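Contents: one structure, followed by commentary.
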Amino acid sequence: MSKVIKVGTFPLGEKVWGTTHVELPANAPQEWTDVLTGRKLTTQSSGKKKFLPVSEILQIFPVALFSDA
């Protein structure tokens, strides 16, 4: 991580996370709410895989806690 971000900054967004993603089970919900920020994210898919991009999950805050609300 220290080669990607400067000391004292948070690892946020696409520049840091690129195409890293969290793979979800096939029966995962389409909509997610980050209970810490209130942000809404939509499950993405590629073929049979469902996922959430980490660059979106950690776009504005370095931690996320999601609910399927």
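The values are calculated or read from the model by the stated rules, or taken from the named source; none is laboratory data. Keep in mind that this is a model prediction, so the values were computed, not measured. Side chains are part of the model used for accessible areas, which takes the heavy atoms of the whole protein and leaves out ligands, DNA and RNA. Shrake-Rupley method; radii C 1.70, N 1.55, O 1.52, S 1.80 Å.
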Excluding ligands, DNA and RNA, the carbon-plus-sulfur percentage of the accessible area of the chain with a 1.4 Å probe reads 58
In square nanometres and to one decimal, what's the mean projected area of the convex hull around the Cα atoms of the chain?
4.9
Would you mind calculating the relative contact order of the chain from Cα pairs under 8 angstrom and at least 6 residues apart, reporting the percent as a whole number?
39
Select from P29, P53, P11 the residue whose mean-square fluctuation is largest in a Gaussian network model of the chain (Cα-Cα springs shorter than 10 Å).
P29
Give the accessible surface of the chain per residue, rounded to a whole number of Å², with probe radius 1.4 Å and ligands, DNA and RNA excluded.
71
